Amino acid sequence: MAALLDVVLPVFLVIGAGYLAVWRGLFSDSGVDGLMVFTQKFAIPCLLFSAIATLDLGEGFDWRLLVSYYAGSATVFALGIAGARGIFGRSWPDAIAIGFVALFANSVLLGLPITERAYGSDALVPNYAIVAIHAPFCYVLGITTMEIATAQSRAPLRLLATVGKAVFRNGLMIGIMIGFAVNLSGLPIPGIVGEALDLMIRAALPAALFGLGGVLYRYRPEGDAKVIAFVCILSLLVHPAIAFTLGSLATGLSAGQMRSAVLTAAMAPGVNAYLFANMYGAARRVAASSVLIGTALTVLTASAWLLILP
């Protein structure tokens, strides 16, 4: 267990440093906002662009990997909605927002560094395949369900426009799309451009983790303890359990694919879950607190899954 904590704890120490710096007034809120803009609109899109541009698409995009991960995503989304409605009596908008929190795992800021520390950078190929369609899958599913349930967008074209804006204005998605364009066209990346990208990439995850700690300081938990516990169980236990079961019994994943699918599924809800809730003004307190508490609990649950995985 000590060896597993050696893998996981450094990631959370960087997050904790960001949290502590903002808490003690050593780093301003505006500084956190600027850091997150840099990482989410520039540095991490560069990382994803470089990864997708050089990815072996035939090897990386294995349908068995994607089914094992995204079947679990869709299941916890449905369970989140059903539980929020049937058990906790929340309104339809609240229930869908709660389902989205369970759905949207932090595949980039937590999934990538923990997998890399555990298994090395060469193990990230399946992670990048999952990340490449993560935002489109989650936003299309979440926004479409919300718009239909709340009848805000009866016209199909308007619904399509709403979904498209959410997906394709996302900096991470833009980096992924440009990466696919370069990969499929076979265009080489000039050496000088590649070196500049490497500089941005080296800054991406450490800066993003520190900034994430500062962001989490804003999301102090307030009430809704039972709903938050329900969401954390779906995110940290049920989703990875489904991925593990499907990967073992149904789709026959390789050891590397299994590690990436299960560890990514085991990550806490990402900050985008709160942004979705805020966009619709639904279950914002549940979303914010679930991001914070789930991130803290990931220290334990990720270590447990590392112990279970081959």
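Go through (1) crowded, with 22+ Cβ neighbours inside 10 Å; (2) of a type in the set (A, V, I, L, M, F, W, C); (3) farther than 24 Å from LEU109 by Cα and name the single condition VAL231 misses.
Result: VAL231 fails condition (3) only.
Assess whether ALA207 counts as being surrounded by fewer than 22 Cβ atoms within 10 Å (Cβ to Cβ), touching a residue at least 12 places away in the same chain (Cβ under 8 Å), in a helix (DSSP H, G or I) and of a type in the set (A, V, I, L, M, F, W, C). Can you show your working first?
Working: surrounded by fewer than 22 Cβ atoms within 10 Å (Cβ to Cβ): yes; touching a residue at least 12 places away in the same chain (Cβ under 8 Å): yes; in a helix (DSSP H, G or I): yes; of a type in the set (A, V, I, L, M, F, W, C): yes.
Here the answer is yes, as ALA207 does meet what is asked.
So if I check each of GLY89, GLY83, which one is small (Gly, Ala, Ser), touching a Phe, Trp or Tyr at 6+ places or on another chain (Cβ under 8 Å) and closer than 30 Å to ARG284 by Cα?
Working: GLY89 fails: touching a Phe, Trp or Tyr at 6+ places or on another chain (Cβ under 8 Å).
The match here is GLY83.
Please enumerate the residues belonging to the range 245-269 that are farther than 17 Å from ALA132 by Cβ, part of a helix (DSSP H, G or I) and hydrophobic (A, V, I, L, M, F, W, C). If you could, list the steps in order and put the result at the bottom.
We begin by selecting, within the range 245-269, every residue farther than 17 Å from ALA132 by Cβ; these are 245-255, 258-259, 262, 266, 268-269.
Applying the additional criterion that residues be part of a helix (DSSP H, G or I) yields 245-250, 255, 258-259, 262.
Selection gives LEU246, LEU249, ALA250, ALA255, MET258, VAL262.
Pull up the range 104-138, narrow it to residues that are part of a helix (DSSP H, G or I) and without any contact (Cβ under 8 Å) to a residue 40 or more places away in the chain, then point me to the one that is surrounded by the fewest Cβ atoms within 10 Å (Cβ to Cβ). Working first, answer last.
First, the residues of the range 104-138 that are part of a helix (DSSP H, G or I): 107-119, 121-132, 134-138.
Now narrow it down to the ones that are without any contact (Cβ under 8 Å) to a residue 40 or more places away in the chain: 116, 121-122, 134, 136.
On the way: GLU116: 17, SER121: 11, ASP122: 8, HIS134: 26, PRO136: 18.
Applying the filter and picking the extreme gives ASP122.
Check ASN278, ASN272 and return the single one that is without any contact (Cβ under 8 Å) to a residue 40 or more places away in the chain, farther than 22 Å from ALA118 by Cβ and in a helix (DSSP H, G or I). Write out each step before concluding.
Details: ASN272 fails: without any contact (Cβ under 8 Å) to a residue 40 or more places away in the chain.
Just one listed residue meets the conditions, ASN278.
Out of the residues in the range 161-183 meeting the condition of being modelled with pLDDT under 75 and within 24 Å of ALA129 (Cα to Cα), tell me which one is surrounded by the fewest Cβ atoms within 10 Å (Cβ to Cβ).
Of all residues in the range 161-183, those modelled with pLDDT under 75 come to 162-170.
Right, trim to within 24 Å of ALA129 (Cα to Cα) and you get 163-170.
Working: VAL163: 19, GLY164: 14, LYS165: 12, ALA166: 21, VAL167: 17, PHE168: 13, ARG169: 9, ASN170: 19.
Across the range 161-183, the extreme among qualifying residues is ARG169.
Does any residue of the range 253-266 turn out to be surrounded by fewer than 23 Cβ atoms within 10 Å (Cβ to Cβ) and free of Cβ contacts under 8 Å to residues at least 24 places away in the same chain?
Yes.
The values are calculated or read from the model by the stated rules, or taken from the named source; none is laboratory data. Keep in mind it's a predicted model, so treat the numbers as computed, not measured. Using ideal geometry, Cβ is built from the backbone for each residue, glycine included, and neighbour counts are taken over all protein chains shown.
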